[in-house]
Amino acid sequence: MGSISKILFITVPILIACTFIFTIMMILSPKFRGKLMARQIKATKYMLDESKDSLEAIGKTAGNIGINIKKDILDENKDNLKNIARDEADIVKDSIKIKARAIKEGLTKENIFCKYCGEPIDEDSIYCKICGKKQ
């Protein structure tokens, strides 16, 4: 037998035995699994600590890209946005005029309402036309 085959003849059974023991330990020992998990958590924490600056730089770059995209969109659509804002202001102005007119008319007219259902009734009505109750 050559020297390589002697090494393999000794090494392979040792590796198989170690793998078998490791597997049994993982299955039967929560303490062993906990130690391995703790090491993994420490390694993950170390990686996060080491990459913190890179992650912050990526976040800043992404934020700047978002701001630049929004600025470009606003610049490209400035006229349309102005027209939309003007139209919205006109709609609001018209609705305010309508509401103000309705309030003014409501204050000047002698409106009488049913004390039971709240519907408008004639001044000389004894009974409500809607609910039929006596006023």
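What aspartates and glutamates could a cross-link reach from residue 45, if we take a straight Cα to Cα line under 20 Å and drop same-chain neighbours fewer than 8 places away? Residue 45 reaches 53, 56. The alpha-carbon atoms of the chain define a convex hull whose volume equals 429 cubic angstrom per residue.
Per the Debye formula on identical point scatterers at the alpha carbon atoms of region 3-76, with no solvent, log10 I(q)/I(0) at q = 0.21 Å⁻¹ is -0.93.
For the chain, the residue among 132, 80, 5 whose Cα projects farthest onto the positive side of the dipole built from Cβ charges is 5. Taking each residue as 0.36 nm, the span from residue 60 to residue 81 lengthens on full extension beyond its C-alpha to C-alpha distance by 4.8 nm. If you filter region 33-127 for chymotrypsin sites (Phe, Trp or Tyr not before Pro), then keep DSSP loop positions with at most 13 other Cβ within 10 Å, what is left? Qualifying residues, ordered by number: 116. Could you tell me how many degrees, from 0 to 90 and to the nearest 10, lie between the Cα long axis of helix 78-108 and the main elongation axis, the longest principal axis, of the Cα atoms of the chain? It works out to around 40 degrees.
About the Cα centre of the chain, what is the dipole size in debye to 20, counting +1 per Lys and Arg Cβ and -1 per Asp and Glu Cβ, all else neutral?
Working: 24 positive and 18 negative charges, 204 e Å.
Using Cβ point charges on Lys, Arg, Asp and Glu, the chain gives about 980 debye.
Here region 58-119 is described by how far its Cα atoms reach on the three principal axes: 67, 28, 13 Å, from widest to narrowest. Excluding same-chain neighbours fewer than eight residues apart, the lysines reachable from residue 99 by a Cα-Cα span under 20 Å are 109. Counting 0.36 nm for each residue step from residue 93 to residue 42 and taking away their Cα separation leaves a gain of 12.1 nm. Taken over the C-alpha atoms, region 89-135 has Rg and Dmax values of 15.1, 46 angstrom.
Taking a straight Cα-Cα cut-off under 19 Å and skipping sequence neighbours fewer than 8 places away in the same chain, the aspartates and glutamates within cross-link reach of residue 115 are 123, 124. Springs between Cα atoms under 10 Å define the GNM used for the chain, and in it the highest mean-square fluctuation of 15, 74, 36 occurs at 15.
All of the numbers you see were taken from the coordinates with simple rules; none came from a lab. This one's a predicted model, so the numbers in the text were calculated from it and none came from an experiment. Note that each Cβ is placed from the backbone with ideal geometry, even for glycine, and that neighbours are counted across all protein chains shown.
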